Every structure is written in C-alpha cells, then in structure tokens.
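The values are calculated or read from the model by the stated rules, or taken from the named source; none is laboratory data. These numbers come from a predicted model, not from an experiment. Virtual Cβ from ideal backbone geometry, glycine too; neighbours counted across all protein chains shown. Side chains included, ligands, DNA and RNA excluded: accessible areas come from the protein's heavy atoms. Shrake-Rupley method; radii C 1.70, N 1.55, O 1.52, S 1.80 Å.
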Amino acid sequence: MIIDGQRVEAANGRTLETINPTNGEALASVPRAGAEDVNRAVVAARRAIDGTWGAATPSDRQQVISRLAELVAHHADELIALDVLDGGGTITRVGRRTKEAAALLRWYAAQARTIRGQTIENSRPQPLVSYTIKEPVGVVGAITPWNAPLTMAIWKLGPVLATGCTLVHKPAEQSPLSAIRLAELCLEAGVPPGVVNVVTGDGEAGAALAGHLDVDKVSFTGSVETGQAIIRASASNVKRLTMELGGKSPNIIFADADLDAAVPAAANAVFGGSGQVCAAATRVLVQRPIYEEVVRSITRLGCEMTLGDPFDPGTDLGPLISGEQLERVLDYIESGVKEGAQLRSGGAWAADVNGGRGHFVAPTVFAGAQPQMRVFAEEIFGPVLVAVPFDSFEEAIALANATRYGLAAGVWTTDIGTAHRAVAALRSGTVWVNTYSQLDPAVPMGGYRMSGYGREMGDEQIEEYLTIKSVWMPGA
Ligand code: ADP
C-alpha cells in the first residue's frame with residue numbers, strides 16, 4: 001500500500017489475498033491494514049496539507065490532475081487488466097470506464113480553477129466588508145466497494161485534488177490493485193507524497209478510518225448497513241460525510257414506449273456488470289397491455305448473453321466477485337421462488353461456464369413479483385430482475401417508490417406529459433427518460449432516502465470537499 005509516497009507493508013506484517021473471481025485463484029497478496037497503519041496514513045495526509053500541497057495554486061492543482069489524466073490514459077491497458085483480473089468486469093465494460101476515467105480527471109482538472117467565494121453586501125450600521133472564502137475541508141477518508149474500482153477511486157480522488165484536500169483511500173478488500181497503481185501514478189504526476197495515501201485491508205481498516213479523530217470527512221460508497229456504521233463512527237469528531245448506498249432502481253415501461261429501444265436498454269440496465277451496479281434497474285414495471293411481450297423479450301435477451309472469461313471481447317457477463325456474493329445471490333433467488341414469484345430464466349450457479357471455476361450466474365428473470373417479497377425490496381447485487389405489471393400511471397409511481405432506496409429510475413414513454421409527471425413524482429436522485437445509465441462528470445449523481453446523501457460529480461460534489469469561511473473587516 002502507499003503511505004507518504006512510499007510502498008509499505010502493514011505495521012504488524014498482516015496480509016490478505018485478493019482472488020481472481022473468474023477462476024477462484026489467488027491473484028495477489030496485499031497488506032491488511034489495522035488502526036496503526038490508518039493512523040500513519042492520516043498523519044501523513046495531515047502533514048501534506050501543511051506542506052507544499054497546502055500552498056499549491058489552483059493552476060498547480062489543475063496541472064497535476066491533467067498530468068494524472070494523461071498518465072491514466074497512457075497506462076489504460078494496465079489499469080484495465082488490473083480491474084478485469086481483480087474485479088471480474090468484462091474488458092468491454094472496464095475498457096469503456098477506464099477511457100472515461102481519463103476524461104473524468106480532465107474535468108476535475110478544470111474544476112480546480114472554479115473555486116470561488118462571494119463578496120456579500122451587509123447592512124451593519126458601520127462600514128464593514130464581508131466576504132466568503134472556500135477552503136479545502138482537510139483530510140478525506142474514502143472507503144470504496146469492488147464493483148468499479150478505478151472509477152470509484154477517481155470519484156474520490158478527483159475532488160480531493162481539485163480542492164486541495166488530502167486523501168486516505170481504503171479500497172475494497174476484494175479489488176484493491178488499481179487503487180494502489182493509481183496512487184503510484186499520482187506520485188509520477190507530481191502529487192506530493194502524503195497527499196494520496198492508499199491503505200489496503202477490510203472493514204477493520206475502514207472502521208479505523210471512519211472513527212479517526214483527525215479525518216475531516218469520509219466519502220463512502222457501499223451498502224446501507226456499512227454506511228450506517230460509518231455514520232455512527234463519524235460522530236466521534238463530527239465528520240462531514242458523503243454517502244452513496246446503493247439502490248433498487250425501477251425502470252417503468254409505459255404501453256406507448258418505443259420497445260425497440262426500451263427492451264434492450266432494460267436488459268442491459270440490469271444484467272450489465274452481472275447486476276453488480278448500484279444503479280442497476282432491477283425492478284422492471286411494465287404497463288399491462290405490453291407486459292407479457294416485454295418480459296418475454298427481456299428474458300430472451302438475457303438468455304442470449306454470453307457468460308465467460310471477462311478478457312474475451314465476446315463476453316457479455318463476467319463472474320460475480322466472490323463465492324460469498326454467489327451464495328448471497330442464490331439465497332435471494334431461492335427466497336423469490338419460495339415467496340411465489342415466477343422464475344422465467346436463470347436462477348442457478350452457471351456451473352458449465354469456464355470449466356466450473358468462477359462464480360457465474362445467468363441472467364435471472366422473476367415475473368409477478370410483489371412489493372413485500374425480498375427480491376422486490378432488497379438490493380441483490382446480481383443479475384436478477386423482477387418484473388411487475390401495472391395498470392395506471394399512479395400505480396406505476398406507487399410501485400416505483402415502494403422502496404427504502406432512491407438512487408435512480410428509468411421511464412420509457414413517447415408522451416412528454418407522462419415523462420414530466422413521472423420525473424416530478426419519482427423519489428429518486430436521477431431519472432433517465434427513454435435512456436438509462438447515462439453519466440457525465442458535470443452531472444451530479446447520488447441518492448434520495450436510504451440511497452444516501454451528497455453527490456458524486458457535478459459542481460455539487462466539489463462543494464462537499466470545501467468549507468466556507470466568512471470574513472468581516474472595516475470598509476472604507
Ligand atoms: P459491499 O461489499 O456489499 O459493497 P460494504 O458496504 O461492506 O459491502 O463494503 C464497502 C466498503 O466498506 C469496503 O471497502 C469495505 O471494506 C468497507 N467496510 C466494511 N465494513 C466497514 C466498517 N464497519 N467501517 C468502515 N468500512 C467498512
């Protein structure tokens with residue numbers, strides 16, 4: 001792992017193995033950090049704020065992020081290989097995301113030049129000038145999951161570098177490799193030692209970071225339960241928080257929708273990445289006249305998807321991240337069958353794929369799910385779709401909102417009035433109309449309700465890494 005610009009081991013020498021999910025074999029051994037290592041990284045990050053980094057101008061920060069963007073583009077093949085080996089995403093998907101990662105960094109580079117306070121006219125009786133200054137929030141702890149390792153790392157690193165904060169990143173124990181490489185590229189780009197630190201380890205290291213008294217903010221992406229533990233730990237020193245906690249996103253297909261567009265998009269929106277995507281559209285709500293046709297077409301598209309080696313460009317779906325995740329997904333599928341949903345396809349470990357090695361599950365479709373079923377209510381993080389028919393607009397919205405989550409929603413209709421009404425009625429941080437899964441660095445992404453708070457990307461994210469100082473002084 002990388003602390004204060006150095007490659008280091010854990011203080012007590014502990015390690016953990018990261019597994020290649022495609023074949024179940026050990027891929028690499030990384031340090032398993034504990035509280036002592038986290039503290040060492042936080043001390044380095046604090047020192048870095050007080051050093052040259054604290055004096056870096058917006059132009060300096062812009063240049064360093066731009067150099068990092070070029071290095072990420074230059075080393076794209078290596079970064080792609082690390083994430084495919086470590087996370088099991090397909091080369092097509094990881095390749096696209098890694099290309100976008102360089103563009104994402106170029107956007108953060110531009111953001112470094114946009115930070116500004118305000119001069120505010122006040123009404124005090126004596127002449128006084130009042131204005132605000134935006135300052136970096138300080139040492140940021142980032143805790144990320146395994147499903148898009150490099151992108152997650154950059155969503156945390158970008159705003160840190162743009163605003164002049166420093167970072168201690170704890171990547172997921174299942175896929176820490178690209179974060180380590182990214183921290184090395186930061187050093188090569190001229191980011192001073194101590195500004196970007198990576199501690200590898202499991203929840204123990206994450207908890208130490210969340211509870212550390214000298215960490216000013218934590219930015220977390222992961223499950224609700226872990227998010228709640230982090231919120232509790234953050235009370236120790238009243239940390240600022242960004243929480244991105246997953247979802248159970250609905251995709252509503254009205255009878256007037258363009259099905260040639262809606263059906264493939266709905267299949268990709270839930271099966272892509274083997275469903276291990278926080279904004280996956282796992283609940284497909286279909287207006288009754290087209291319900292059977294849509295469910296059949298999505299099921300057929302799912303059945304046509306190729307499972308296999310994620311390095312093969314012909315592969316549509318790679319493995320689930322781990323045996324534990326496979327069991328979790330199969331347990332959900334079993335609960336769906338028991339609770340009376342109709343299993344239309346998939347539903348089992350795909351034992352014939354890759355010679356029986358790896359944790360593959362074929363696209364799974366449940367029809368006739370009900371809101372009280374676990375498969376309808378809970379985030380599965382696997383290629384599992386539930387389809388539900390609806391009659392009226394109101395019923396569609398009620399079903400869509402019948403969840404504790406609120407990360408994203410899709411709406412398919414050719415009636416602009418229906419689209420506007422749905423956008424207004426959906427309790428969701430993002431609504432995609434006649435499209436799905438669109439992301440851009442300038443557009444914020446985040447949750448309503450238990451999908452979390454705070455935003456990734458957009459101007460709003462930059463603000464979350466800044467704090468405001470109000471200044472008063474005698475005027476003329
Ligand atoms: P998932 O693997 O389902 O995304 P988590 O939300 O548990 O599950 O994991 C996301 C990240 O949170 C990982 O980096 C993990 O190591 C970390 N983590 C797990 N438990 C804790 C904890 N108690 N405090 C802080 N971080 C944790």
### Task
Output the residue which, of all residues in the stretch 208-223 that are crowded, with 19+ Cβ neighbours inside 10 Å and near the ligand (Cβ under 9 Å from one of its atoms), is farthest from Pro136 (Cα to Cα).
Gly222
### Message
Six or more apart or on different chains, Cβ atoms under 8 Å: show the pairs whose first residue is in the stretch 177-204 and in a loop (DSSP other than H, G, I, E, B) and whose second is away from the ligand (no atom under 16 Å from the Cβ) and open to solvent by 40 Å² or more (accessible area, probe 1.4 Å).
### Response
Gly190/Gln63; Gly190/Arg67; Pro192/Thr52; Pro193/Asp4; Pro193/Gln6; Pro193/Leu187; Gly194/Asp4; Gly194/Arg47
### Message
Given the options Val443, Val375, name the one that is without any contact (Cβ under 8 Å) to a residue 40 or more places away in the chain and either in a helix (DSSP H, G or I) or under 22 Å from the mean Cα position of the chain (by Cα) (or both).
### Response
Val443
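Which residue out of Ala362, Ala387, Ala369, Ala396 is of a type in the set (A, V, I, L, M) and under 25 Å from Gly446 (Cβ atoms)?
The unique qualifying residue is Ala396.
Considering only residues that are buried (at least 23 other Cβ atoms within 10 Å of the Cβ) and of a type in the set (A, V, I, L, M, F, W, C), look in the stretch 192-207 and name the one that is farthest from the ligand (Cβ to nearest atom).
Val195
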### Message
Considering only the stretch 285-303, I want to know if a residue exists there that is within 30 Å of Gly203 (Cβ to Cβ), more than 16 Å from the chain's Cα centre (by Cα) and away from the ligand (no atom under 16 Å from the Cβ).
### Response
no
### Task
Could you identify the single residue in Ala35, Ala28 that is surrounded by fewer than 18 Cβ atoms within 10 Å (Cβ to Cβ), under 16 Å from Leu209 (Cβ atoms) and at pLDDT 95 or above?
Ala35
### Task
Have a look at Val270, Val224, Val294 and point out the one that is touching a Leu at 6+ places or on another chain (Cβ under 9 Å) and within 30 Å of Pro31 (Cβ to Cβ).
Val224
#### Entry: For Ala172: the one exception among (1) open to solvent by 10 Å² or more (accessible area, probe 1.4 Å); (2) aliphatic (A, V, I, L, M); (3) assigned to a loop (DSSP other than H, G, I, E, B); (4) within 16 Å of the ligand (Cβ to nearest atom)
(1)
### Query
Across the stretch 387-414, what is the total count of residues that are in a strand (DSSP E or B), buried (at least 23 other Cβ atoms within 10 Å of the Cβ) and out of contact with any Leu (no Cβ under 6 Å at 6 or more places or on another chain)?
5
### Query
When the residues of the stretch 235-272 are filtered to those that are within 13 Å of the ligand (Cβ to nearest atom) and surrounded by 21 or more Cβ atoms within 10 Å (Cβ to Cβ), which remaining residue is nearest to His420 (Cα to Cα)?
Gly247
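When you look at Thr132, is it of a type in the set (S, T, N, Q), touching a residue at least 24 places away in the same chain (Cβ under 8 Å) and in contact with a Gly (Cβ under 6 Å, 6 or more places away or on another chain), yes or no?
Answer is yes for this residue.
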